[in-house]
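K.L.:
Have a look at this one before I ask anything.
The values are calculated or read from the model by the stated rules, or taken from the named source; none is laboratory data. Worth saying up front: this structure is predicted, and the values here are computed from it rather than measured. Virtual Cβ from ideal backbone geometry, glycine too; neighbours counted across all protein chains shown. These area figures cover heavy atoms from the full protein model, side chains too; ligands, DNA and RNA do not enter into them. Shrake-Rupley method; radii C 1.70, N 1.55, O 1.52, S 1.80 Å.
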Amino acid sequence: MARNIQSLERAAAMLRLLAGGERRLGLSDIASSLGLAKGTAHGILRTLQHEGFVEQDDASGRYQLGAELLRLGTTYLDVHELRARALVWTDDLARSSGESVHLGVLHQQGVLIVHHVFRPDDSRQVLEIGAMQPLHSTALGKVLSAYDPVAHSEALETDRKAYTDRTVCEPDGFEYILDITRARGYAADVEETWEGIASIAAPIHDRRRMPVGAVGITGAVERLGRDGELRPELVAAVRDCARAVSRDLGAGRF
């Protein structure tokens, strides 16, 4: 069995200590509570402070939890709320479209799948929660890049790999696709990431009318398309699902 890293265990214990009891603690209090030498405790605190997980009061010298922990906690709560609000609507989308449904958010220069509803048939499928998708070629990624300035910047800064002959990698061509995405309110991926696979996605907004994720369907090209075009009823179903989740998040009408 792999051994735990002692310094990380001590840092975690320090954060838990600061999270409970008194709002601020001095170095001596922290060291004695955790059974650490002052020098060891101070070194860990300095590292946590550098990363924004701990802050030191200039007047008293005491330590408290930092803003970075709050940001991470808020991100977790946002994703948790997004999944909770989307559960019913994504189930409905899978039933009405007959295809698998993915809910994605921006994460580490890609799209993190935070919810996945299987295609409603008896075929063997693999749960993709936790999987990462590229920003530049997938429908989910294009939607996030079109509506979220941070995702847009990260998509342009990353290496845009050509997954198939249809993948658009050049900056000008990618920007043109994002313009189209914003104009029509959804994005498409027709064999740009996987041969024989197409997807349709639309943006989800929160109560601040900020983009917080994207929802889409994925399936065989012959099922999502008809006569060389995506089936309009599927596009409408995806957009309706995104609007419904957005409304539940307090975004109002879009």
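K.L.:
Short version: ³J(HN,Hα) in whole Hz for each residue of the stretch 202-213, in order, from phi by Karplus 6.51 cos²θ - 1.76 cosθ + 1.60 (θ = phi - 60°), x for Gly and Pro, what are they?
P.N.:
Running phi through 6.51 cos²θ - 1.76 cosθ + 1.60 with θ = phi - 60° gives 9, x, 10, 10, 9, 5, 8, 6, 9, x, 10, x Hz.
K.L.:
Residue by residue through the stretch 227-243, which ³J(HN,Hα) values in whole Hz follow from phi under the Karplus form 6.51 cos²θ - 1.76 cosθ + 1.60 (θ = phi - 60°), with glycine and proline marked x?
P.N.:
My calculation for the stretch 227-243 gives 6, x, 10, 5, 5, x, 5, 6, 4, 4, 5, 5, 5, 5, 5, 4, 5 Hz in order.
K.L.:
Once neighbouring chains are kept in place and the probe is 1.4 Å, which whole percent of the accessible area of the chain is contributed by carbon and sulfur?
P.N.:
The value for the chain is 51 percent carbon and sulfur by accessible area.
K.L.:
Okay, moving on. Leaving out ligands and nucleic acids, and using a 1.4 Å probe, what accessible area per residue does the stretch 106-159 come to in Å²?
P.N.:
49
K.L.:
Hey, can you find the accessible area per residue of the stretch 169-249 for me, probe 1.4 Å, expressed in square angstrom?
P.N.:
Roughly 47 Å² per residue, with all protein chains present.
K.L.:
Which order do the peptides 92-103, 160-171 take when ranked by the mean count of other beta-carbon atoms within 10 Å per residue, highest first?
P.N.:
Details: 92-103: 21.5, 160-171: 13.8.
For the peptides 92-103, 160-171, the packing ranking is 92-103, 160-171.
K.L.:
Where does the chain land at 222 nm, in deg cm²/dmol rounded to the nearest 500, when only DSSP H runs of n ≥ 4 count, each adding -39500 (n - 2.57), divided by all residues?
P.N.:
Working: 9 runs with 119 residues, N = 254.
After summing the helix terms and dividing by the residues of the chain, the value is -15000 deg cm²/dmol.
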